[in-house]
Structures are given as C-alpha cells and as structure tokens.
Amino acid sequence: MSPRSAAHGEPYDVTVVGAGVVGLSTAYALTRAAPALRVAVVEKEAGPGRHQTGRNSGVIHSGIYYRPGSLKARYALAGAAETPRFCAEHRVPYEITGKLIVATEQAELPRLHALVQRGREHGLAVRELGPVQIAEYEPEIAGLAAIRVASTGICDFGGVAAALARLAADAGCVLRYGLRVTAVGRTDGGAVTLTTAPDGPTLRTKVLVNCAGLHSDRLARLAGDDPGLRIVPFRGEFYELAPGRRGLVRGLVYPVPDPDFPFLGVHFTRDVRGGVHVGPNAVPALAREGYRRWTVRPRDLADTLGYSGAWRIARRHWRQEAGELRRSLSKRAFTADARRLLPALRPADLRPAPAGVRAQAVLPDGTLVDDFRFAGSPPFVHVLNAPSPAATAALPIGREVARRALAAL
C-alpha cells in the first residue's frame, strides 16, 4: 500500500500533530525506520516551524548546563554533534562558533567552576579563561573569569524544520497544513479520529503523536489523558544590536546561570545572517502565542490564573520575575543588566526584535519541569515538555518519539 493512500480516506498508521522541528523530526524518523508506514503531520499553521522552532535564538547548545544522565544532557550532546552534519548535508546555514560563559561577580565563580566540572563529565572541550584571555575572544566583554565551550554553534532552525518537512514528504509523509485539531475520539474498531477545523476533514489514525508544543497539554486532555501538568507560557523578549554596533560582539556570550531560576539570563548571540540578538528576558505571557506584550487570549489567561502551579511559581520566584518585568517595561533597565557583560552598550544600540514564547510545563506544586517529558500509552504518545534545548536535540528526540510510536502500533 502506498504511504500516500491514506490521504484518500484510509487511516494513517501514525499521525503527528505539530509541525515544529520535533514533530517533523519524528515524522522523518518514522519514514526512515519504516518506509511503508502511512505517516501524516497535521499543523494548524500554514507552514512548518512557525512557533518555538522559528522564534528561538538559533543556538546549537553544547549540553553543558544539563544534569548528567538527564534526557536533556543525552539528547543535547547527541544533537550538538548531529545538527551541524545535518545542516551541512542539506544546505542549511550554520557555523560552529564556540561560546563564552562569563562570571562578572565573585559570587558566580563557584558556579562557573561547577560548570567546568559538568562540561568535563560530558566530555566537552572546555577551556578556563581569565580577563586577558576573555579579551582575546571578545575584546568588549568584561568579566572576572570565563569558560569557553568550543562545540556550541548557530544555525537556522526554521531551515532545519523546512528540510525535515521536505525529506519526510519525499519519503511519502502527508503534510496537512492549516488544520487545527479540535476533538479526539475512537472508532468501534479502535482507530483514533481527529476532528479538524476550520471545516476540515475528520482524520483516522492508528497512533496519535502529540508534538503540539504550546498546546501539548490540551491535546493530551482531548485524547482523554491527564498530563499531570500544565503549559505556562513565558515570553522571551529580544533586542538586536544596531548594524553599526554589531562589532561589539564576535560570537556567543552568556552569563553564569542562576541554578534556582530556569532561564539562562540576558545573553548575546550572533545569528547566521550576521545579526546579534540580546536577550531574552522571561516574563509571563498573557496568551500561549502571545508574541506581543499586550496580546491577551482570555482562555489562555484563565488557564494560567486558574492553575495552582502558576501561583506557586509566582510565590517561589517573585524576586526574579520582578526583575524580569522591570527589564521588560524599561529599555534602560534591560540595557543596564546587559552592560554587566558589555559595558560599552547604550540604549540607543538596541533595536526591538521578534519575541518567542517558551512552552514551560509546570507541575501543580509549582515545580517547573526541568527535563524533557514523554508520556502516554497506546495509541497515544505525548511530548509534554520540550523547551530549549529541544531544537538542538530535535533529531535524537525525533528518533525516540518514533520508537515509542512504532511500539504503540
């Protein structure tokens, strides 16, 4: 039976909901593992990679931040090696730049040293730097000490998603754009039914793979599963350096992360087009796709405000979030924070850049789910938490999700 025959009314074997880089990597992995499989990808947008995939900083993360043995560490390390090869093979722009993680205060030095040890546990090439050596890499960056992680790079993850979509389609996967799943049911024969809008067809499939990102918890509930968590959206707001000031930063420069806060802090990242992004901060979004500050969707806002876990986050991290909100509302405050690393930076050097929204899974007790999380029993596979470094790790994640989908057939 042709893989495309399901497009004419017969059920698919596996349907992936969500055409971000993880969903498309899953579809690609399925077509490679089982070429005769009837695979479909259903996406509510008009094309691939329109949300987290196409709105991140474009960094190929090394894996240095992630706890040894965690899924994030395993898949980021594998993805950091594999993604450049994929980009080179499929003509997606990329560059291995290395990055600096810079301590600007004495209190940060023990945390910086801990990162050195973690990097070595992961087998990464990590070099410790003093102020003179920092200046050799980044003359305008100020710091007491730093580490350089050689394997970090940059790429166009939107281009990676487009390449995966093309490869999956060439192998027979059916890509259905512009269809939003509004209901999930079961037939008497055990097939899964997907009702789609606006005025879309009802699709049938043996296995449903949920890669819906910002809406993954909702899709899990539509399937009758309790995800045990809720997606709480955080908007990451970026600036970019004015063209005449891009020379202030040569590559990628990060602060030492706060271990008690799940975001990396304001950093400087050069992209494959020559621009330099500054950010992001992390503020609660008023909509799951709230890329603008005052975009409000009542259902999304009610979901967040009605969730005990969101209030527990606010109580636990209110000091950090107060600082994030201040930097969101004040360009001068944002600049002052960024100047800890780049003293020559001025407010006039910064231009607004597109924001992203992080799909952060939160448990009812307010714990932010740190690792990637997969769940579901046949005929469902749910990807419930895949924030950064999911783009870096997309190829190995896709193989893992595909393995689970094949086991569910």
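The values are calculated or read from the model by the stated rules, or taken from the named source; none is laboratory data. In this text, all values refer to a predicted model and were calculated from it rather than measured experimentally. Cβ coordinates were reconstructed from backbone atoms using ideal geometry, including for glycine residues, and neighbour counts include every protein chain displayed.
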The correct count of residues that are more than 14 Å from A310 (Cα to Cα) and without any contact (Cβ under 8 Å) to a residue 40 or more places away in the chain in region 279-295 is 2
By residue number, the members of region 193-202 that are under 16 Å from R38 (Cβ atoms) and over 28 Å from the mean Cα position of the chain (by Cα) are T193, P201
Would you say A88 is hydrophobic (A, V, I, L, M, F, W, C) and under 25 Å from A169 (Cα atoms)? yes
Note: among R326, R297, R293, just one is among the charged types (D, E, K, R), at pLDDT 95 or above and closer than 24 Å to R55 by Cβ, namely R297
Those strands (runs of 3 or more DSSP E) completely within region 149-191 that have 2 or more residues that are of a type in the set (D, E, K, R) and surrounded by fewer than 23 Cβ atoms within 10 Å (Cβ to Cβ) are 180-186
Within region 135-148, residues being aliphatic (A, V, I, L, M) and in a loop (DSSP other than H, G, I, E, B) number 3
Per the list (1) closer than 18 Å to R358 by Cα; (2) in a helix (DSSP H, G or I), residue check on R246 breaks on (1)
Scanning region 298-322 for residues that are surrounded by 15 or more Cβ atoms within 10 Å (Cβ to Cβ) and without any contact (Cβ under 8 Å) to a residue 40 or more places away in the chain gives L301, E321
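Applying the selection to region 86-130, what residues are over 30 Å from A29 (Cβ atoms), among the aliphatic types (A, V, I, L, M) and without any contact (Cβ under 8 Å) to a residue 12 or more places away in the chain? Break it down into steps so the answer makes sense when it comes.
The initial filter retains those residues of region 86-130 that are over 30 Å from A29 (Cβ atoms), namely 100-117, 120, 126-130.
Remaining after also requiring among the aliphatic types (A, V, I, L, M): 100-103, 107, 109, 112, 114-116, 126, 129.
Once the filter is applied, which keeps residues that are over 30 Å from A29 (Cβ atoms), among the aliphatic types (A, V, I, L, M) and without any contact (Cβ under 8 Å) to a residue 12 or more places away in the chain, region 86-130 yields A107, A114.
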Could we say that R332 is touching a Gly at 6+ places or on another chain (Cβ under 6 Å) and either surrounded by fewer than 18 Cβ atoms within 10 Å (Cβ to Cβ) or closer than 30 Å to A135 by Cα (or both) here? no
Of the residues in region 269-287 that are assigned to a strand (DSSP E or B) and within 12 Å of P233 (Cβ to Cβ), the one that is nearest to the chain's Cα centre (by Cα) is A282
Within region 250-287, the count of residues that are farther than 15 Å from S57 by Cα and either surrounded by fewer than 22 Cβ atoms within 10 Å (Cβ to Cβ) or out of contact with any helix residue (DSSP H, G or I) (no Cβ under 6 Å at 6 or more places or on another chain) (or both) comes to 13
